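Here the structure comes first, spelled out in structure tokens, and everything after it is commentary.
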Amino acid sequence: MENNRKAEAEKIVKEMNEDKDLLFAENLIRDNKIEFEYEDKKYRIRLLTIAEKNELERLRTKKFGQLIQDKDILFEKDLIKVLKERGIDVDAINDEIKKLDAEEISLQVKLGESISKNEGEIILKSYKEQIEELRKRKAMLNTQKTLLLRFSFENQLLNYVSMVITYLSLDELKDGTWQRMFSTLEDFENYDNGNLINKAAIYSMTLQYI
Amino acid sequence: MNIYQSIANLAKSTKYQNLFLAAKEINGVNLFNNNLDFSKIQELFLCYLYNFDIINKDIITDKISKHVLDDEIYWESYMLWRKDFKYKKGKQQDSKSNLHLVTSKKINFPKKV
């Protein structure tokens, strides 16, 4: 009796979580804006206007000019060479990722064929487990690669661009109207609430880059 | 929370699959509040809707079991195989239908009578 009640309660919690998940997803796709709350205030992320896209391009070009003059910042290919001299082979990591990718696709096609032939659950599960294992290995290698190359010229420019997109696309609700939260990039860079900016950054990438 | 997974779950929900079908058939039924300037996540959602529509049709026609929808790896793999299979099938048909274009070096023209 007690076990039944527990199972029933778990089922209800699971269903509630699923509903919450669907509601969250619906909020992301309803239109080309994402509204969210943070510390009882309302914010939204929206697509950039043409003027803002031009502003983004201007800031990107300016940053490119700054980064290219800094001799301490290496291009990805040069950073890979330096790392190789120190015994870290990024090319080998890349090759391994490509190999795992090919293996995964081949297994997926086999699994797909098994599904089309309605083969038994044991066969399907075996393929699924092999794919999961490959994905885990690939995720580890990708993380390793990202950490090694995070200071490259290309990554620094990319991070800067995503920061500027967040700065340009974040609005707050003030007196019933939506207004740009930051009027200058300097204000944005000096803003001290990192959690709000991180949340906004995730949503701005979801809208424009995913 | 995994955004991709949430969007996929929403796309395969009965509500959105019905809405997708209705939007294709009935003028004025819209999936989103905006009809232009789709965000990347909306584009991805449309792609998922389309894929689940295909999978649902294959389930209804008993080509596959409905359990394919239970796991992301299953439905992803099935769609990948389906595309690969159709591509190979299309290539085979192309090569068969192009047979009449294959020329031989020796052409036997009919003799003049």
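Readers should treat all values here as calculations from the given coordinates under stated rules, not as data from a laboratory. Please read these numbers as outputs of a predicted model, since none were measured by experiment. Because the Cβ atoms are built from the backbone with ideal geometry, glycine has one as well, and the counts that use them run over all protein chains shown.
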Looks like region A:1-83, by Cα gyration tensor root eigenvalues a ≥ b ≥ c and the a/c under 1.5 rounded cutoff (else prolate when a/b is bigger than b/c, oblate otherwise), is oblate
Restricting region A:46-116 to trypsin sites (Lys or Arg not before Pro) in coil, as DSSP defines it, with at most 11 other Cβ within 10 Å: A:K71, A:R86
GluC sites (Glu not before Pro) within region A:112-167, DSSP loop, no more than 15 other Cβ atoms inside 10 Å: A:E119
With a/c under 1.5 counting as rounded, go ahead and sort chain A into rounded, prolate or oblate using the C-alpha gyration tensor (a ≥ b ≥ c being the square roots of the eigenvalues; past the cut-off, prolate if a/b is larger than b/c, else oblate). oblate
For chain A, calculated [θ]222 nm from helices alone, where every DSSP H run of n ≥ 4 adds -39500 (n - 2.57): -24500 deg cm²/dmol
Karplus ³J(HN,Hα) for region A:45-57 (6.51 cos²θ - 1.76 cosθ + 1.60, θ = phi - 60°; Hz, whole; x = Gly/Pro) runs 10, 9, 6, 6, 7, 4, 4, 5, 5, 5, 5, 4, 4
Label-to-label distance, nm, for residues given as A:K42 and B:L46 (7 Å Cα→Cβ offset): 2.8
